[in-house]
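Worksheet for the structure shown next.
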Amino acid sequence: MEHTTVSKRKTIHGSLTRSKPSRPSARNTAVSTQYSQSTLWVTVRCTPFVTSKPNLPDLTGAIALCFVIPGWPDLSKKLILVIGGTGAQGLPVIEKLLALAEDGSPSPYAVRVLTRDPTSHRALELASKGVELVKGSFDDFDSVAAALKGCYGAFVNTDGFTVGQAKEVWCGIHIYELARYAKVKHYVWSNLEYFSRITNFDPKYRCEHSDGKGIVGDFMQTQPSVVSDTDMSWTLITSGPYMEMLHNAMATVNMIALDDFGFFARYVFDHRAETSGEDLQIASDRVDWEYLRTTFEKVTGLRAEVLYHSYDDWTKRYDPATIDVPLANERGKTKDGSITWKENFRAWWSNWRDDTISRDYEWLRKINPNGLTLESWMRKEEYGKDLGAKAYKLLKNSEDGKSPALNMEYIATL
């Protein structure tokens, strides 16, 4: 008998031969185990082995039992922990990590996601693709430490809109420390510009949701980055507003299409040595209002007009009770030293208006020659259809009902 399938989840393999009747003893029985391809192999060797069926021959040899265990990581692949995996950024990162390599071979990566709610529809969708789910949150360090065990790499995107700048800085630094202790080989931090430092700490440019990540990025650049089998290397991926947020009518910025973000995340893990200790400042295209208008008209055939408003007029579209409160969702409505949502985005817009940062698009096109432009992204997304329906489906905070509420009474007057 060479191969007998006994169920979908258990297979017996063996090369069995006729033998003299006898019972197996402990000294003649050996058990070994091997883990591979999300399975547990148990090999039992008995010499000789006597069947209990009178009409069957006596058998000797090895019996190997293969148990396929759902949810176990594939140890033939490099396991990547993704923190923020159910968010707008994490989903395309995971998609790219699991995609085939450029030569068509299987992905060398498996993915584990830390999630507060493994039963959410986003988490279940990931699980259906073979992603391992671990319950926890990035500010629960016990769950982070547990999730890091056995991981080759980590991609970390913390949520400053929930916890605020001070807590995000603390969490970002400590997660890095936990990864070092867990002997993770490649640590990737999803970074944003440290606007305050770039602008010599001018308070009008203080943007907490960006500065928090930038402070962690600055900390990491003081740490060693060593490419070896025993040390950890790190890489920063510094991005900006998602091109998908054009559904919310944002522009005049270095925008990143989420598909391109996923490309660079995969690129970093594929090129550990080249990106070790580097800050990859990425974008897809630089978009200003006139470029947006002309491209929109070209792609859709519709007429567009740019109307300029002051920042105060722009914020009238939101309910004041939801924007004159601390930026961090978990801090409630009491101002505690952090800036408000309205103050934060006044600074955010000021940075783009005054061109405080730039990108090297020649280098970006060289690394990602198939990267998207505003026009190619609009055509890919069929931009112009169902704008209102798409506007609040991108960010996890919006889906969870944590974003500022619209002032529908004011909007009706526009």
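Just so it is clear, none of the values below were taken in a lab; they were calculated from the coordinates. In this text the structure is predicted, and so the values were computed from the model without any measurement. Every residue, glycine among them, receives a Cβ derived from its backbone with ideal geometry; neighbour counts consider all protein chains shown.
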Given R₀ = 22 Å, FRET efficiency for residue 141-residue 75 by Cβ-Cβ distance, to 0.05?
0.30
Between residue 293 and residue 227, what is 0.36 nm times their sequence separation minus the Cα-Cα distance? Round to one decimal in nm.
19.2 nm
Taking θ = phi - 60°, what integer Hz values does the Karplus form 6.51 cos²θ - 1.76 cosθ + 1.60 yield along segment 75-85, in sequence order, with x for Gly and Pro?
6, 7, 10, 7, 7, 10, 7, 10, 9, x, x
Report, in listed order, any pair from 129/385; 298/380; 183/396; 129/149; 78/149 with a Cα-Cα distance greater than 19 Å.
129/385; 183/396; 129/149
Karplus ³J(HN,Hα) for segment 165-179 (6.51 cos²θ - 1.76 cosθ + 1.60, θ = phi - 60°; Hz, whole; x = Gly/Pro) runs 5, 4, 6, 5, 4, 4, 5, x, 5, 6, 4, 4, 4, 4, 5
Restricting segment 290-358 to chymotrypsin sites (Phe, Trp or Tyr not before Pro) in coil, as DSSP defines it, with at most 13 other Cβ within 10 Å:
308
Between residue 181 and residue 198, what is the label-point separation in nm under the 7 Å Cα-to-beta-carbon projection?
3.4 nm
